[in-house]
Amino acid sequence: MPTEEIVKSGVERLPMWEMYPGFWAYTRWIIYAIAVVVVAVFVYGWWQRIQAYRLGRKAEGALDAKGARAGELLRYWIAQLKVIKETYQGTFHLLIFWGFVVLFIGTALTVLDEDFWRLLTGNKFIHGNFYVIFSFLLDLFGLLAIVGIVLAMFRRYVTKPKGLDNKSEDATLLLFILAILVTGFLTEGARIGVVMGAKGLNNVGYEASSFVGFGLGKLFGDSPALHKLFWTVHILISLAFVALIPYTKALHIFSTAGSIFTHSLKPKGKIIEPIPDMMERMEKGEEVELGYKRLENLTWREILQLDACTRCGRCQDQCPAYNTGKHLSPKEFIQATKNYWQAKWAAKRDAQVELSGKPAEGAAEAVPEGGKFLLKVEAAMNGEEPAVVGYVDSKVLWDCTNCMACMNACPVMIEHVPLITAMRRELAMEFDDSEAACKTFFKNMDTNCNPWGMNPGDRAKWAAEDGLPTVFDNPEYEYLFFIGCMGAFDAKAIKANRAFAKILKEAGVNFAILGEMEFCCGDSMRRLGNEASFQAIIAMFKSTCTDAGLDPTFKGKKVVTLCPHGYNCLKHEYPDFGFEWQVFHYTELLNQLVKSGKIKLKGGNGKTAVYHDSCFLSRYNDLTAEPRELLAAAGYRVMEPERRELKTFCCGAGGGRVWLEEHIDEANGIYRINNVRADEVVGVGAQNIVTACPFCGMMFDEACKRSSLEKAMESQRLVDLAELLAENMVVKEPKAE
Ligand code: SF4
Ligand code: SF4
């Protein structure tokens with residue numbers, strides 16, 4: 001029906017609404033003019049922001065594989081699959097987000113209907129049953145969004161969880177959204193009141209689908225003045241909100257989409273990238289940027305990620321360093337780096353300084369607070385006091401165990417660990433800013449290629465005693481058993497490796513070891529920031545293999561190891577240096593052997609076991625089921641600690657931290673990470689505390705020897721999964737001669 005007829009009929013029971021009922025004829029055009037200004041302010045804000053992202057360098061591959069990236073956007077931005085993992089926060093965020101999305105779609109359709117379709121054709125397409133359903137959905141989602149805002153405010157201002165800090169921008173955003181929603185309902189109510197007055201209550205029953213507005217309409221009655229007031233306030237607040245998005249916390253609606261769309265699509269375990277052609281360029285005497293110390297070192301993707309951080313605190317809640325009272329909070333780390341970027345951006349915008357931090361020609365010496373240095377040590381090296389904000393303290397960087405709990409928790413895919421590693425590179429290689437223990441570790445690695453500086457000739461001692469074949473004894477091996485430094489020199493790890501070798505023999509696996517030729521994989525070296533030595537180790541290993549007549553790419557070979565750190569490094573990082581092997585953790589191989597019947601386990605022992613997930617198995621490689629399946633197959637009743645699988649709590653050894661001193665001051669709330677974790681796992685009360693990582697084993701061993709656990713450990717024992725399985729393996733009778 002043409003709109004004029006609807007309007008003329010006045011009392012018809014036709015479900016539709018009037019956008020500008022009773023307004024001055026030019027109201028529509030005034031709104032259009034304001035909307036043009038709003039769009040201009042919005043676009044300018046984003047243009048500026050994008051220029052600020054572009055202060056970073058090129059981000060290789062950040063926009064490749066667009067189909068896969070669109071899928072990520074769908075999962076994590078639209079469906080909010082990571083946000084919802086925390087039930088309370090996830091629920092209210094989902095209500096607000098989806099409330100807003102539906103209202104946005106509703107508004108867009110209304111504008112299309114009223115300001116385009118009606119102007120062009122004289123008709124409206126939102127009427128009849130469509131109008132009824134449309135109105136109902138808008139009211140429903142608007143109401144749910146208000147519930148979401150109330151829940152968010154309750155958490156932020158009443159329950160006040162520890163990890164959540166409050167800034168005025170948080171309250172402003174929540175109140176802004178609330179104001180839009182509330183004035184939207186008030187406008188709707190007043191409009192329905194006016195329509196009721198014009199058509200009579202009995203003729204507007206269809207408006208009951210706007211169940212909130214209908215009730216308000218009855219309350220307000222026929223008051224065109226009230227409607228105009230609410231309408232004007234609602235439209236102006238909504239337009240102001242849109243204009244201010246790029247300048248306020250509301251920008252996270254879009255910056256988070258950018259962060260999710262551009263995050264690394266590589267396997268989770270491959271989060272550290274090599275410095276391109278580092279060795280070659282260094283050999284040629286070229287200047288190589290070793291780590292991050294200036295804004296230009298960051299990529300635009302990393303800057304975009306900083307901007308996407310909403311300070312939700314989920315990373316901090318999971319961080320073992322933060323939760324044991326250390327200097328590091330991943331949230332604050334991201335915020336400090338972001339402050340630095342913003343200070344540099346402001347400085348550049350004001351043309352006070354060049355990006356390098358030097359005052360621009362003719363500009364005043366003053367540099368905005370925090371704008372000059374990224375690393376505190378950089379300021380010190382320049383003989384200056386670092387600014388209060390916008391620098392990262394080296395203590396913060398050294399505290400990180402690389403456990404990846406922060407990245408696993410972050411709903412917007414911010415990648416903390418690569419950023420921390422890049423800054424550590426600067427500390428380790430450029431500024432020599434590392435603890436004495438770290439320097440000793442580097443020295444031992446450089447001289448003897450193992451963390452303790454042990455005689456490399458002893459690396460294969462126990463393996464030789466046990467008669468394990470080397471690659472020269474058995475060149476047709478299927479599995480290269482990579483023993484690793486812990487497996488070579490640490491008594492507890494040797495026990496586990498021996499047990500594993502026993503199982504391999506029993507299962508008839510065709511394997512060999514590298515023997516004295518084996519090197520440290522270099523994982524700790526790399527994660528402590530010494531990329532140069534890491535790459536030197538690999539180069540040395542390759543040339544040793546070549547000299548010995550082995551294929552240095554190990555193409556087509558399989559590798560198995562007990563150490564999750566070595567496993568991750570060999571599997572995900574060595575291929576960057578030409579290795580073409582296939583790498584397995586021993587729990588994967590044993591699980592295959594049990595399932596294929598090559599290993600028989602006794603089962604039915606009725607004992608209990610609690611398994612501690614290593615970060616490098618669970619979060620880095622999603623290996624959580626295999627160890628549990630093996631325990632169950634061996635007849636153990638598996639008990640679980642509260643923090644497990646992808647939410648496991650680190651033992652404190654990762655990221656090279658195992659070689660550093662851990663500052664503790666329990667009286668002031670600073671604890672050892674391994675003690676906190678051991679207390680939790682021992683507290684489960686299982687007879688066997690099972691690890692599948694030599695580093696976790698070592699950290700637990702130390703923690704379980706404390707007097708506070710003495711009693712509990714009388715009835716519990718710490719054991720590696722390989723040992724437990726070897727104990728429970730059915731050993732075949734030797735064939736009679
Ligand atoms: S990797 Fe672990 S220790 Fe490092 S910041 Fe993230 S949560 Fe904290
Ligand atoms: S980094 Fe991610 S998890 Fe941490 S506060 Fe920012 S948005 Fe939240």
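So here's what we get for this one:
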read-out	value
Residue satisfying condition, being in a helix (DSSP H, G or I), within 13 Å of ligand 2 (Cβ to nearest atom) and either β-branched (Val, Ile, Thr) or closer than 30 Å to residue 83 by Cα (or both), within set 254, 261, 241, 333	333
Criterion violated by residue 301 - all others in (1) assigned to a loop (DSSP other than H, G, I, E, B); (2) more than 11 Å from ligand 2 (Cβ to nearest atom); (3) modelled with pLDDT of 95 or more satisfied	(1)
Residue pairs meeting the criteria (Cβ under 8 Å; at least 6 apart or on separate chains; first farther than 18 Å from residue 316 by Cβ and not assigned by TED's automatic domain parsing to the domain that holds residue 314, in segment 161-178; second crowded, with 18+ Cβ neighbours inside 10 Å and aromatic (Phe, Trp, Tyr))	177/100
Some residue of segment 328-337 being modelled with pLDDT of 95 or more and farther than 20 Å from residue 249 by Cβ	yes
Residues located in segment 639-681, provided they are more than 30 Å from residue 425 (Cα to Cα) and either open to solvent by less than 10 Å² (accessible area, probe 1.4 Å) or in contact with a Pro (Cβ under 9 Å, 6 or more places away or on another chain) (or both)	641, 678, 680, 681
Residue among 139, 115 that is surrounded by fewer than 17 Cβ atoms within 10 Å (Cβ to Cβ), in contact with a Phe, Trp or Tyr (Cβ under 8 Å, 6 or more places away or on another chain) and assigned to a helix (DSSP H, G or I)	115
In segment 412-424, residue nearest to ligand 1 (Cβ to nearest atom) [restricted to those that are open to solvent by 10 Å² or more (accessible area, probe 1.4 Å) and part of a loop (DSSP other than H, G, I, E, B)]	415
Segment 584-630 - residue that is open to solvent by less than 30 Å² (accessible area, probe 1.4 Å) and in contact with an Asp or Glu (Cβ under 6 Å, 6 or more places away or on another chain) and, of those, farthest from residue 680 (Cα to Cα)	591
Condition broken by residue 686, with the remaining ones in (1) in contact with a strand residue (DSSP E or B) (Cβ under 6 Å, 6 or more places away or on another chain); (2) without any contact (Cβ under 8 Å) to a residue 60 or more places away in the chain satisfied	(2)
Residue in segment 192-209 that is in contact (Cβ under 8 Å) with a residue 60 or more places away in the chain and within 25 Å of residue 242 (Cβ to Cβ) present	no
Single condition residue 300 does not satisfy, out of (1) closer than 19 Å to residue 61 by Cβ; (2) more than 18 Å from the chain's Cα centre (by Cα)	(2)
Among residues of segment 57-72, those that are modelled with pLDDT of 95 or more and open to solvent by less than 40 Å² (accessible area, probe 1.4 Å), counted	5
Lone unmet requirement of (1) free of Cβ contacts under 8 Å to residues at least 24 places away in the same chain; (2) in a strand (DSSP E or B) for residue 711	(2)
Residue check for residue 26: hydroxyl-bearing (Ser, Thr, Tyr) and touching a residue at least 40 places away in the same chain (Cβ under 8 Å)	no
Qualifying positions in segment 174-230 - of a type in the set (D, E, K, R) and surrounded by 19 or more Cβ atoms within 10 Å (Cβ to Cβ)	188, 191, 207, 228
Selected residue (criterion: nearest to residue 584 (Cα to Cα)) from residues of segment 599-615 that are in contact with a Phe, Trp or Tyr (Cβ under 7 Å, 6 or more places away or on another chain) and not in a loop (DSSP other than H, G, I, E, B)	609
Residue within segment 279-288 that is surrounded by 19 or more Cβ atoms within 10 Å (Cβ to Cβ) and either in the same structural domain as residue 565 (by TED's automatic domain parsing) or out of contact with any Phe, Trp or Tyr (no Cβ under 8 Å at 6 or more places or on another chain) (or both) present	no
Any hit, segment 128-141, residues being acidic (Asp, Glu) and under 30 Å from residue 406 (Cβ atoms)	no
Sole residue being farther than 28 Å from residue 153 by Cα and in contact (Cβ under 8 Å) with a residue 24 or more places away in the chain, chosen from 99, 128	128
Residue that is surrounded by the fewest Cβ atoms within 10 Å (Cβ to Cβ), among those in segment 319-330 that are more than 13 Å from residue 676 (Cβ to Cβ) and near ligand 1 (Cβ under 9 Å from one of its atoms)	329
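For every residue, the table says whether it meets (1) within 25 Å of residue 259 (Cα to Cα); (2) within 16 Å of ligand 2 (Cβ to nearest atom); (3) not assigned by TED's automatic domain parsing to the domain that holds residue 565.
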| residue | (1), (2), (3) |
| --- | --- |
| 396 | yes, yes, yes |
| 404 | yes, yes, yes |
| 414 | yes, yes, yes |
| 420 | yes, yes, yes |
| 424 | yes, no, yes |
| 428 | no, no, yes |
| 441 | no, no, yes |
| 452 | no, no, no |
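The values are calculated or read from the model by the stated rules, or taken from the named source; none is laboratory data. Keep in mind the model is a prediction, meaning the values are calculated, not measured. Cβ sites come from the backbone with ideal geometry, for glycine too, and all protein chains shown count toward neighbours. In case anyone asks, the SASA skips ligands and DNA or RNA and just uses the protein heavy atoms, side chains included. Shrake-Rupley method; radii C 1.70, N 1.55, O 1.52, S 1.80 Å.
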